[in-house]
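Visitor: Before anything else, here's the structure in question.
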Amino acid sequence: MIAFFRWVIRSYSFPSLVKSSWAWSITRSAPIERTKSTFVVLHDCPVRYDRTGSGPTVVLLHGGGLDSAQLSWAPLTPHLVPLADVIAPDLPGYGGSPLGATPPTVAGYAGWLRAFLDAAGVRRCVLGGLSLGGAIALRTALDDPDRVRGLLVCGPYGVDPHMPGGRLGW
């Protein structure tokens with residue numbers, strides 16, 4: 001997955017950023033660094049997010065359940081920081097971000113994401129999403145394609161019409 005993110009970043013905008021495309025490697029032993037948590041207020045509700053690095057913007061969206069930005073993306077972030085400005089928000093209702101007035105639907109979260117990108121000063125970005133985050137990234141790319149420079153979705157929620165596990169999946 002890390003190699004694919006690097007390919008997306010290189011392919012969609014910034015070949016001059018990477019001197020030798022395959023000259024560096026990633027190891028699982030890389031330290032997980034805590035990034036600076038920042039808050040922005042959207043619709044009278046605080047949103048916690050991590051932002052680190054510089055360069056083209058990559059926004060990483062976590063999954064549902066008990067997930068959060070740090071839980072999903074802390075191991076990957078140090079590998080992207082040399083290449084990009086990495087932003088990982090806690091979606092409304094997850095981690096350090098209360099739900100507030102955001103409808104807890106893919107369309108509701110996609111609308112929230114566009115407002116969050118405006119508040120964070122992001123005009124165009126590569127979107128990466130896991131599960132629910134993948135569905136939000138897809139919806140955002142379909143609704144606002146000029147804003148999305150690249151897209152990587154991992155197991156996006158709602159793409160397969162069949163629920164895993166059949167009725168047990170509910």
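Visitor: How high is the relative contact order of region 39-170? Use alpha-carbon pairs under 8 Å, at least six apart in sequence, and give a whole percent.
Guide: 25 percent
Visitor: Using θ = phi - 60° and the Karplus relation 6.51 cos²θ - 1.76 cosθ + 1.60, list the HN-Hα couplings for region 148-155 in order, rounded to whole Hz, with x at every Gly or Pro.
Guide: Karplus values, whole Hz, x for Gly and Pro: 9, 7, x, 9, 9, 10, 10, x.
Visitor: Collect residues whose amide H, placed 1.01 Å from N in the peptide plane, falls under 5 Å from the amide H of residue 129; neighbours closer than 5 in sequence don't count.
Guide: Excluding prolines and chain starts, which carry no amide H, the hits are 61, 152, 153, 154.
Visitor: Right, something else. Regarding region 35-121, what's the average projected area of the Cα-atom convex hull, expressed in nm²?
Guide: Approximately 5.1 nm², given one-decimal rounding.
Visitor: Dividing the alpha-carbon radius of gyration of region 103-147 by 2.2 N^0.38 Å (N being the number of residues), what value is obtained?
Guide: After normalising by residue count via 2.2 N^0.38 Å, the value is 1.03.
Visitor: Given a 1.4 Å probe and heavy atoms of the protein chains only, how would you sort 79, 43, largest accessible area at the top?
Guide: Reading off the accessible areas and sorting them downward yields 43, 79.
Visitor: With θ set to phi - 60°, apply the Karplus curve 6.51 cos²θ - 1.76 cosθ + 1.60 along region 85-101 and write out the HN-Hα couplings as whole Hz, x wherever there is a Gly or Pro.
Guide: Running phi through 6.51 cos²θ - 1.76 cosθ + 1.60 with θ = phi - 60° gives 7, 9, 10, 10, x, 7, 4, x, x, 10, x, x, 10, x, 5, x, 8 Hz.
Visitor: Name the residues whose placed amide hydrogens come within less than 5 Å of the amide hydrogen of residue 55, ignoring near sequence neighbours (fewer than 5 apart) on the same chain.
Guide: 85
Visitor: Just to confirm, what accessible area per residue do you get for region 69-115 at 1.4 Å probe, in whole Å²?
Guide: Accessible area per residue: 32 Å².
Visitor: So, one more: Tell me, what ³J(HN,Hα) does each residue in region 107-115 have, in order and in whole Hz, if you take phi through Karplus 6.51 cos²θ - 1.76 cosθ + 1.60 with θ = phi - 60° and put x for Gly and Pro?
Guide: 4, x, 5, 5, x, 4, 4, 4, 5
The values are calculated or read from the model by the stated rules, or taken from the named source; none is laboratory data. Only a predicted model underlies this, so the values are computations on that prediction, with no experimental measurement involved. Side chains included, ligands, DNA and RNA excluded: accessible areas come from the protein's heavy atoms. Shrake-Rupley method; radii C 1.70, N 1.55, O 1.52, S 1.80 Å.
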